[in-house]
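Here's the structure we're looking at; comments come further down.
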Amino acid sequence: MLSTITAAHTGLLVLTLNIGALTPGGTFFAPKTKKRVEAICRQLESGPYDVVLIQEAWVRSYRKALQKCGYQFVLEMEEYPGLFLKRRQGKIKTSKIKFISHMLDSLFRDSVGYDTGLMILSRHPISRGKLARYKVNGVESRTLKDGEFPVNKGILSAVINHPRFGEVFIANTHVVSFYDDRSYDNQRVEQLQYLRDYVEKEAMGKPTIVGGDFNISPSGVGGKPRDGGSDRQWSFIREGIFERYQQANLDYENLKTFPSYSKAEDFGVLDHLFSKNGFIPARGGLDFTAPALSDHFGLYTEFSFQSSFVHL
């Protein structure tokens with residue numbers, strides 16, 4: 001399967017893709033998920049992207065597959081699933097969740113969800129990789145209900161050493177989701193503020209790209225609310241957190257990246273790519289739009305470099 005995006009580009013072509021690889025067990029328990037990851041890998045291998053930001057690669061076997069998708073440089077910085085790490089850090093307070101964590105650790109250490117689920121794939125050398133976990137993420141009492149607490153959503157960042165553009169700072173993130181009975185709006189605000197401060201500190205003025213699954217969308221056609229209220233905090237991003245960043249000029253009202261499998265639901269464009277410090281979004285759109293590949297569509301942007309930008 002070939003990518004729908006042409007390989008002819010002169011800028012930096014970046015894709016963000018939530019692959020929805022949640023189910024443990026590989027071939028035995030989740031053969032469909034394994035086949036999906038393999039199909040994604042084939043499309044990535046034949047595709048034109050310089051950098052790919054991956055979210056929800058939460059199982060070791062899937063992460064190993066993604067390391068073989070035709071990208072010479074792969075960044076991942078996780079050792080333990082989030083729930084195991086929280087137990088080791090003493091962050092689990094209830095005996096029930098401690099017991100569940102111990103059981104999963106003993107029986108399925110290599111098969112269950114992995115920490116942030118973030119990876120960066122690059123065709124150019126990677127340096128200065130760093131992983132930061134958000135300080136707030138979910139509620140322990142909802143561990144078996146929404147799955148936010150068992151993972152450690154956060155930020156995976158690196159410097160990409162491009163032959164023409166020099167050092168480019170890249171940050172990949174996955175922000176807390178929303179649910180019918182829990183919005184997590186306050187946590188999302190705190191995470192985004194942390195993301196802003198983290199990027200400003202780590203980028204050190206370098207040309208910067210920030211992308212991932214923000215779980216926030218622009219409104220729909222004519223300002224129509226998106227399902228789940230995913231557009232409630234859009235102005236907070238564009239008029240606050242990322243007001244000095246740019247993103248591709250797309251018809252967001254008529255686009256959605258989630259869910260890929262339902263025409264009845266429209267949570268909007270949850271996946272975004274922003275740029276700053278010399279990179280200008282030249283064009284963008286959706287890719288990986290076959291619903292069978294993931295519950296998200298991929299979003300891409302080609303960034304051109306502003307020659308007048310001076311890095312001090």
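Each value in this text was obtained by applying a stated rule to the coordinates, not by laboratory testing. Everything numeric here is computed off the predicted structure, so don't read it as measured data. Quick reminder, even Gly has a Cβ in these numbers, built from the backbone with ideal geometry, and neighbours come from all protein chains shown.
Taking only Cα atoms and a 10 Å spring cutoff, compute GNM fluctuations for the chain and point out the largest among Asp146, Asp181, Asp227.
Evaluated over the chain, the most mobile residue of the options is Asp181.
List the GluC sites (Glu not before Pro) within region 250-312 that DSSP assigns to loop and that have no more than 14 neighbouring Cβ atoms inside 10 Å.
The qualifying sites are Glu265.
With an 8 Å Cα cut-off and a minimum separation of 6 or more residues, compute the relative contact order for the chain in percent.
In percent, rounded to a whole number, it is 19.
Out of Ile92, Ile100, Ile40, any idea which swings most in a Gaussian network model of the chain, alpha carbons joined below 10 Å?
Result: Ile100 has the largest fluctuation of those listed.
Return the loop-located trypsin sites (Lys or Arg not before Pro) in region 110-207 (DSSP other than H, G, I, E, B) with at most 16 other Cβ atoms within 10 Å of their own Cβ; answer none if there are none.
Here the sparse-neighbourhood loop sites are Arg123, Lys135, Lys145, Arg164.
Hey, what's the Kirkwood Rh for region 76-207 if you take every pair of different alpha carbons, in angstrom?
16.1
Of the beta bridges DSSP finds with both residues in the chain, what % are antiparallel, to the nearest 5?
Roughly 80 percent of the DSSP beta bridges within the chain come out antiparallel.
As a test of the formula, what do you get for the chain when each DSSP H run with n ≥ 4 contributes -39,500 (n - 2.57) and the sum is divided by the residue count, at 222 nm and rounded to the nearest 500 deg cm²/dmol?
That comes out to -6500 deg cm²/dmol.
With semi-axes √(5λ) of the Cα gyration tensor in Å as the read-out, I listed [x] 25, 24, 21; [y] 42, 20, 18; [z] 29, 22, 21; which label goes with the value calculated from this structure?
[z]
Mean-square fluctuation check for the chain, GNM, Cα pairs under 10 Å: which of Thr94, Thr301, Thr257 is largest?
Sorting by GNM fluctuation, first place goes to Thr94.
For region 181-312, count the residues as N, evaluate 2.2 N^0.38 Å, and divide the Cα radius of gyration by that value, please.
Output field value: 1.09.
Please identify every one of the chymotrypsin sites (Phe, Trp or Tyr not before Pro) in region 54-155 that sits in a loop by DSSP and has no more than 16 other beta carbons within 10 Å of its own beta carbon.
Passing both the DSSP loop test and the Cβ count: Phe108.
Any chance you could give the angle, 0 to 90 degrees and rounded to 10, that helix 185-203 forms with the longest Cα principal axis of the chain?
Once rounded, the angle reads 50 degrees.
Could you tell me the relative contact order of region 38-164? Use alpha-carbon pairs under 8 Å, at least six residues apart, and round to a whole percent.
That works out to 31 percent.
Given Cα pairs under 8 Å that are at least 6 residues apart, what percent is the relative contact order of region 109-176?
36
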